[in-house]
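Beneath this line is the structure, given in structure tokens, with notes to follow.
What follows is calculated from the coordinates using simple rules that are stated; it is not laboratory data. Only a predicted model underlies this, so the values are computations on that prediction, with no experimental measurement involved. Using ideal geometry, Cβ is built from the backbone for each residue, glycine included, and neighbour counts are taken over all protein chains shown.
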Amino acid sequence: MIKQHVKQMVLDAARTAHAAGVLASDDFPDIILEEPKIGAHGDLATNFAMAGAAAQKMAPRKIAEAVVDHITDPDGLIEKTEIAGPGFINFFIRPSAWLPVIQEIHQQDMAYGTENLGDGQKVQVEFVSANPTGPLHIGHGRGAVVGDSIAALLDFCGYRVEREYYINDAGRQILTLGRSVYLRCCQLAGQNVEFPEDAYQGDYIKDIARSVIAEKGQSLFDMPRDKAEEELAGQAAEQILAGIRQDLENLGVCFDRWYSEQTLYDTGKVEAAIAFLKQKDLIYEHEGALWFCATEFGDEKDRVVVRQNGQTTYFASDIAYHLEKYERGYDRVIDVWGADHHGYVPRLTAAISAMGRQSSQFTVILTQLVNLLRKGRPVSMSTRAGQFVTLSDVISEVGRDAARFIFLTRHHESPLDFDLEVAKAKTNDNPVYYVQYVHARISSICKKAADENPDAQKSPESADLQRLSEAEEIALIKKMGKYPEVLSGAAALMEPHRIAYYLMDLAALFHAYYNKHRVLTDDTKLSTARLHLVVAVQKVIRNGLKLLGVSTPEIM
RNA sequence: GCGCCUGUAGCUCAGUCGGAUAGAGCAACGGACUUCUAAUCCGUAGGCCGCAGGUUCGAAUCCUGCCAGGCGCGCCA
């Protein structure tokens, strides 16, 4: 808000200076105001003079002088301006000018920070979408948390968001699942059968087999093997999916819709999608297979949609799926994938262009791999031996809040070292507690305040916020004033980690303040003002943590 | 070989639109609890921003080339 004001003041000043003949050109650059890293450079600074030097044919410092000379500031927002370095104009804002931020936070409360970026557009975020052939691992956890948080963020910023999980319950991997369970059943029944390498090795298959044997007993072997495998496949997939759902729930991740790949086949949508592309003349036959002309849309080669043997590829159902997404009316579709699928991006993007969609309507977020460590040493994750630490193991060991926060304190495209011991530590190694502690501390203050003076918190309007003049107080208020900007930046770039870092910064300012000053003092009016300040801090922390899916404890 | 991602303090990581003197936490060292929660705070120390060029008033940030690590290059999913 203040930023906008100052921006306008600079522009007005430049215009006035031009009208007065001090500036030669009225071709002004965009006015960019930034917060200098160093306090001595003021609260806000602009490079306006440097950026405009070419058009004005003047030395930057001369331009800066002209602007500063023509600034009018009726509200007395600015305490001081100065021209520095190569031509920066630095603005020092009168500290009390920041105070209205507190009222704003109290008024908007849960909605503080909202910016209507989405304008009601419908967005679908599809994430996790792991095959129901085994339990989730930590990499899925990262995708789950990043996807969930992006969805929350977009939701908060004016999009109508739906979260969706795509279930790959068709195709070969499901058949393999059925066969794996069947063979384990045979072994349990004492039959001497080979368990092939390409079957699923994990112990969870044995567990499923045990439950099958317990339920069906010998009757399993009375039916034809094909039939048995098919039935077991469905049963196993269902059981595994239930486990996946439970794991995600434990992580605080819920979906609006679970979409089955098989239904795309059952309802003829895969065929329809191929027919659709055929009709656009984008499908051709070659060596007995059907190919999609992906190269026409920027992919490096054409891709098979129907194999020589007549079976469709995964790509074919994915085309159908995404076609269906847009038919459902989403303005934007966001897919969150593991980085090991990045080679697949151009192909699907090509298909979506072929559907006539704009590139802005489709975004793939790739999350990089997670290295699971314990005390700095890699935890062995041998899938072949069937020995791996599952997501479920990790969550029950370190807890949901810590797990989520760790996933969200890295850019999603950076590889992530997840150290189980660090994740459990209740120290500043683990900043989630650092942030939550702010919330708990303020709760504690409020409780005490309520005991001492029940009226103090009731009417924010009555508080004399002018009493807030300590440097730490102004720093906190300024920081909170930036929250909406941080959010819209995070939403626009789909980078929730920005919120996490913001919260850590805000938490640091609060803890410093807490250690230096008392909120509740003998001076009732001062206490009331400070109480309103810290409750505002608590609200910002709460709003931020909510977007990250992290809880806000009253007591720690 | 080609493509994508990553490379910033001893370790784990931030760094927006190119901005002024490079930012946290951990680890190290020295301090602060009779107080609203010490899961906290204050201070010290720590840098060839992978390397080399280029663009410009100005580069960790943009461009080119190289180096290192990860991932991907199926009629698999």
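Quickly work out the residue A:307-to-residue A:25 label distance, labels modelled 7 Å from Cα along the C-beta direction, and quote it in nm with one decimal.
With each label point 7 Å from Cα toward Cβ, the separation is 6.3 nm.
With unit charges on the beta carbons (Lys and Arg positive, Asp and Glu negative) and the dipole taken about the Cα centre of chain A, which residue among A:13, A:316, A:147 sits farthest to the positive side?
Of the candidates, A:13 comes out farthest on the positive side.
Whose amide H sits under 5 Å from the amide H of residue A:312, counting only residues 5 or more places off or on another chain, with H placed in the peptide plane?
Amide H neighbours of residue A:312: A:307.
On a 0 to 90 degree scale, rounded to 10, what angle separates helix A:2-19 from the longest Cα axis of chain A?
Relative to chain A, helix A:2-19 is tipped by roughly 60 degrees.
Residue separation times 0.36 nm, minus the C-alpha to C-alpha distance between residue A:413 and residue A:192: what's the value?
Stretched fully, the residue A:413-residue A:192 segment lengthens by 74.9 nm.
Counting only helical runs of four or more DSSP H residues, what would the 222 nm mean residue ellipticity of chain A come to if each run contributes -39,500 (n - 2.57) and the total is spread over all its residues?
For chain A, the value works out to -15500 deg cm²/dmol.
In a Debye calculation with equal point scatterers on the alpha-carbon sites of chain A and no solvent, what is log10 I(q)/I(0) at q = 0.09, 0.10 Å⁻¹?
Values, matching the q order: -0.86, -0.98.
Based on alpha-carbon centroids, what's the gap between the stretch A:478-556 and the stretch A:127-170 in Å, whole number please?
Their Cα centres are 28 Å away from one another.
Could you line up A:28, A:292 from fewest to most neighbouring Cβ atoms inside 10 Å?
A:28, A:292
About the Cα centre of the stretch A:172-272, how large is the charge dipole given +1 on each Lys and Arg Cβ and -1 on each Asp and Glu Cβ? Please answer in debye to the nearest 20.
140
Convert each backbone phi in the stretch A:48-60 into a coupling constant with the Karplus relation 6.51 cos²θ - 1.76 cosθ + 1.60 (shift: θ = phi - 60°), then list the ³J(HN,Hα) values in order as whole Hz, x for Gly and Pro.
Values per residue, Gly and Pro as x: 3, 5, 5, 5, x, 4, 5, 5, 7, 6, 9, 5, x Hz.
At R0 = 60 Å, how high is the FRET efficiency between residue A:96 and residue A:238 if r is their beta carbon distance? Nearest 0.05 is fine.
Approximately 0.45, to the nearest 0.05.
How much space per residue, in cubic angstrom, does the convex hull of the C-alpha atoms of the stretch A:124-217 take up?
Spelled out: Cα convex hull of the stretch A:124-217, divided by residues, is 111 Å³.
At R0 = 51 Å, how high is the FRET efficiency between residue A:300 and residue A:210 if r is their beta carbon distance? Nearest 0.05 is fine.
0.60
If I fit a long axis through the Cα atoms of helix A:431-452 and take the longest principal axis of the Cα atoms of chain A, what angle between them do I get, 0 to 90°, rounded to 10?
Result, in degrees: 60.
About its Cα centre, how strong a charge dipole does the stretch A:489-556 have in debye, to the nearest 20, once Lys and Arg get +1 and Asp and Glu get -1 at the Cβ?
Using Cβ point charges on Lys, Arg, Asp and Glu, the stretch A:489-556 gives about 100 debye.
For residue A:79, what residues show an amide H to amide H distance below 5 Å, using hydrogens built from the backbone and excluding near sequence neighbours?
Placed amide hydrogens put A:92, A:93, A:94 under 5 Å from residue A:79.
Have a look at the DSSP beta bridges in chain A and tell me what percent are antiparallel, nearest 5.
50
Treat each spin label as a single point 7 Å out from the Cα along the C-beta direction, and report the residue A:267 to residue A:55 distance in nm.
With each label point 7 Å from Cα toward Cβ, the separation is 5.3 nm.
Of all DSSP beta bridges in the stretch A:255-378, what percent run antiparallel (nearest 5)?
For the stretch A:255-378, the DSSP antiparallel bridge percentage is about 60.
Ranked by Cβ crowding within 10 angstrom, fewest neighbours first, how are A:61, A:303 ordered?
A:61, A:303
Given the C-alpha centroids of the stretch A:201-257 and the stretch A:1-33, what is the distance between them in whole angstrom?
68
Quick check: net charge around residue A:174, other residues with Cβ under 13 Å of its Cβ, Lys/Arg +1 and Asp/Glu -1?
Residues close to residue A:174 contribute a combined charge of -4.
Would you kindly derive the ³J(HN,Hα) couplings of the stretch A:400-409 from the backbone phi angles with the Karplus curve 6.51 cos²θ - 1.76 cosθ + 1.60 (θ = phi - 60°), listing them in order in whole Hz, with x for Gly and Pro?
Rounded to whole hertz, the list is 5, 4, 5, 4, 4, 5, 5, 4, 9, 9.
If you line up the long axis of helix A:138-156 against the longest principal axis of chain A, both from Cα atoms, how many degrees apart are they, to the nearest 10?
It is inclined by approximately 50 degrees.
Dipole size in debye (nearest 20) for chain A around its Cα centre, Lys and Arg Cβ +1, Asp and Glu Cβ -1?
880
Among A:511, A:70, which comes first, second and so on when ranked by fewest other beta-carbon atoms within 10 Å?
The fewest-first ordering by Cβ neighbours comes to A:511, A:70.
Around residue A:146, what is the net charge, scoring Lys/Arg as +1 and Asp/Glu as -1 over all other residues with Cβ under 14 Å from its Cβ?
0
Would you be so kind as to identify which of A:36, A:306, A:390 lies farthest towards the positive end of the dipole of chain A, taking Lys and Arg as +1 and Asp and Glu as -1 on Cβ and the Cα centre as origin?
Going by the charge dipole, the pick is A:36.
Using modelled amide H (1.01 Å from N, peptide plane; none on Pro or chain starts), what sits under 5 Å from the amide H of residue A:367, excluding residues fewer than 5 places away?
A:337, A:338, A:339
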